[in-house]
Amino acid sequence: MTSKKNPPRAAACTVLIVEDNALVAKFYRMALERAGDFSCVVTEDVPKMLAEVEAGRVQVAVLDVSLSGTQWQGRPINGVELARLLKQHAAAHRGRPLPILLATAHAMAGDRERLLAASGADDYLEKPVYDAAHLVGKILNLLNSA
Amino acid sequence: MESCYHLLAIIVRSPGAQQVPAPGIPGRSKDAWGGQEGLLLESFLQEMKRYLGFTEVDARHLRELGPRMEKYFPELAERFYAQIRQHPHAFRVIAGGEAEIARLKQTLQQWARGLFSGVYDERYAGDRSQIGYRHVRVGLEQKYVISAMGIVRSYFSNCLLLEFPASDERLRYAHSLGKMLDLDLNLMCESYMHATVQNLRALNEQLERANRELAEASRIKDEFLAHTSHELRTPLNSILGFSKLILDGLCKSREEEQELLRDVFSSAQHLLGIVNDILDITRIEANQMILHLEDVNPRQVLDSTLPLVAVQAASKGLELHDLSARRPLPSVRADEVRLRQVLLNLLSNAVKFTSRGSVTVRAGVTGTDGVAPSRRAFLRFEVEDTGIGIPLEKREEVFHNFVQVDNSQTRRYGGSGLGLAISRRLVEMMGGAIGLDSGSQGRGTLVWFTIPVVPEAQQESSAAARRPRATATDRR
Ligand code: HEM
């Protein structure tokens, strides 16, 4: 498994990672870089995310749902609202959709459906997310179907 | 970041906030048939009269009968209660012995007189149904009232036999009197009906309230479960993720593996802390937390706890002041392990949520537990930081409500978010109180708690022998 069996579709692909737990963000980055040859941008800063999307520097995003330090227009914003914001921004400025994977520790019955519907995200991963190949597979799927 | 403290706190619900009154017999007199019920009684009376065929003619007959019946009332009363004596079940509602029986005989005569008053209006109905209520309230079953009316009925027919030898005249009066007794009996029994309805209504309300409370409790449990699951998954993500990266051979060097293993280790420690907090709060909620109270030297507790946060404080560039070091402190009555846990919790919160400045500890004796003046002396501990502080309106919440004041803080800084709720319960179980204030410079947060001081007389001896003395079970 891992990188050899999953030839990265595009070494040029960059994943936007928004995750408030530093260790979890570190894991995503290592998993995506090592098992998938992706590049990663890790940030909790909304203007920076928007700039990355606008410039076309990121092709896909992994968002956490509960974000502690992230603010937008003077108030806290969570991953669900952020997903909608980024999607809108991508559509407006790049003319094409930004595939989004929600990764969250909210794992009670009904959370998946509720969060997917509310965010407009394309796929959903329940934490703990720990298999690098699985994560890479999910991202590749999103890119392929985009 | 609006607030600086741990944010999820579990309810430690204050029990017995509202006591539900047992469904009872409705209160007496006016309110029994007040308001709308008054109208109901009025229409009940009309309906009963119509049903019984009770007319003005009957009223006139009774008015005529009155003077001739008067002389029989004392004997009626005698016989009435002589009969009742023979029914122990009925008789036991008479609590006042012979004196009460004597009084009841009088009231029964009074009642009998009323039968012949000739005016049977709404007021009459009201008075009569009140009599019914008196019986409901003393717990007399309806069947005894009904059969007692039989005693009245047969006694009066004998009286009529004596008074009216001519049968047609007698029948006319007997007929009217019979309707009258039926009317009275119905009015008395209507009270029973009414009381039953009220009881059912009260019972219903009680059930509804219980239902709401259950739903609320179950919602709280669900929230707790959801939150707990969330908190556990985050460190698990790092533990599983990093170890799998190593196992998959995705590390570039042995150094990198070492680094990831350290992350795994710290996440696992974090996880352990959360698990311990969950166990603590669960035990507290289930009343299974047992404290071992003994005479504790607070100096030792402070000295052994402060170093545990000193490293972290230093690494953040925070100053850590112990202003309690200057003066001698009296022994306190506490569970040493739990006292240390509370202190450590407050200290590590302060360090965790302060990015610049200092964390200061104070301790001193006061004559209050911090909430109300007391005859006992307390040792008051204070932990003050120069962080951003907690909004006024959230001060109470952080200690008890099972609400997420701002659970994003919990995630950012780790921890179960249960620390303050646990501390509150522990402090209360040790007989003290805990609270939050703004820091002395008007910024930051000051958390204080009090622990009872060992009485003066016992101070000496206790220092020598620090044996466990008592077990405080949860006082809830
Ligand atoms: C036809 C049946 C009955 C009639 C007409 C009748 C009448 C009365 C009256 C007029 C009163 C006084 C109410 C007042 O002070 O406002 C009374 C009270 C009382 N009656 Fe009867 N009664 C009847 C049956 C019984 C029976 C079977 C018992 C059984 C022991 C009983 C026990 C009492 C007691 C204990 C009280 C005092 C209640 C109190 O303290 O509030 N009565 N009754």
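Tabulated data
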quantity	calculated
Other-chain or far-sequence residues with amide H under 5 Å of A:Val42's (modelled H)	A:Ile17
FRET efficiency estimate (nearest 0.05) - Cβ-Cβ, B:Ala286 to B:Ala314, R0 45 angstrom	0.70
Among A:Thr14, A:Thr104, A:Thr43, residue whose mean-square fluctuation peaks in a GNM of chain A (springs only between Cα atoms under 10 Å)	A:Thr43
Hydrodynamic radius of the stretch B:37-138 per Kirkwood, over alpha carbon pairs, in Å	15.4 Å
Computed magnitude of the charge dipole of the stretch B:44-165 (debye, nearest 20; Cβ of K, R +1, Cβ of D, E -1)	220 debye
Phi to ³J(HN,Hα) by Karplus 6.51 cos²θ - 1.76 cosθ + 1.60 over the stretch B:115-132, Hz, x for Gly, Pro	4, 10, 6, x, 10, 10, 9, 4, 5, 4, 4, x, 4, 5, 6, 4, 4, x
Separation of alpha-carbon centers, the stretch B:176-194 and the stretch A:74-98, rounded to whole Å	78 Å
Extension gain (nm, one decimal) between B:Ser358 and B:Glu169, 0.36 nm per residue minus Cα-Cα	57.4 nm
Sites A:Ala22 and B:Glu208, calculated FRET efficiency, Cβ-Cβ separation with R0 51 Å, nearest 0.05	0.55
Karplus 3J(HN,Hα) series, Hz, for the stretch B:134-149 with 6.51 cos²θ - 1.76 cosθ + 1.60 (x for Gly, Pro)	4, 6, 4, 5, 7, x, 7, 6, 4, 4, 6, 5, 4, 6, 5, 4
Amide proton proximity set for A:Leu125, modelled H, under 5 Å, gap of 5+	A:Leu102, A:Ala103, A:Thr104
Shielding of A:69-75 by partner chains, average beta-carbon count, 10 Å	1
Principal axis dimensions, largest first and in whole angstrom, of the stretch B:122-274 by Cα	127, 25, 22
Kirkwood Rh, angstrom, chain A [1 / mean 1/r, Cα pairs]	15.1 Å
Efficiency of FRET between B:Ser147 and B:Ile101 - r from beta-carbon atoms, R0 22 angstrom, step 0.05	0.75
Residue (of B:Gly249, B:Leu279, B:His230) at the positive-pole extreme of the stretch B:216-285, dipole from beta-carbon charges	B:Gly249
For residues of B:227-240, the mean tally of beta carbons on other chains within 10 Å	6
Selection of trypsin sites (Lys or Arg not before Pro), the stretch A:16-123, meeting DSSP coil and at most 15 other Cβ within 10 Å	A:Arg57
Peptide ranges B:354-361, A:69-76, B:94-101 listed from the most packed, as the mean C-beta count within 10 angstrom indicates	B:354-361, A:69-76, B:94-101
Simple Cβ-charge dipole of the stretch B:173-255, Lys/Arg +1 and Asp/Glu -1, about Cα centre, in debye nearest 20	560 debye
At least 15 Å along the helix axis (C-alpha) and Kyte average at least -1.0, DSSP helices within chain A	A:22-36, A:79-94, A:132-145
For chain A, size of Cβ-based charge dipole, Lys and Arg +1, Asp and Glu -1, in debye	360 debye
In the stretch B:207-290, trypsin sites (Lys or Arg not before Pro) in a DSSP loop with at most 13 other beta-carbon atoms within 10 Å	B:Lys252
Kirkwood-based shape ratio for the stretch B:216-285, expressed as Rg/Rh from alpha carbons	1.17
3J(HN,Hα) from dihedral phi, the stretch B:222-227, Karplus parametrisation 6.51/-1.76/1.60, rounded to Hz, x for glycine, proline	4, 4, 4, 4, 4, 5
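Values quoted throughout were computed directly from the atomic coordinates according to the rules given, and no laboratory measurement underlies them. All values derive from a computational prediction rather than experimental measurement. Because the Cβ atoms are built from the backbone with ideal geometry, glycine has one as well, and the counts that use them run over all protein chains shown.
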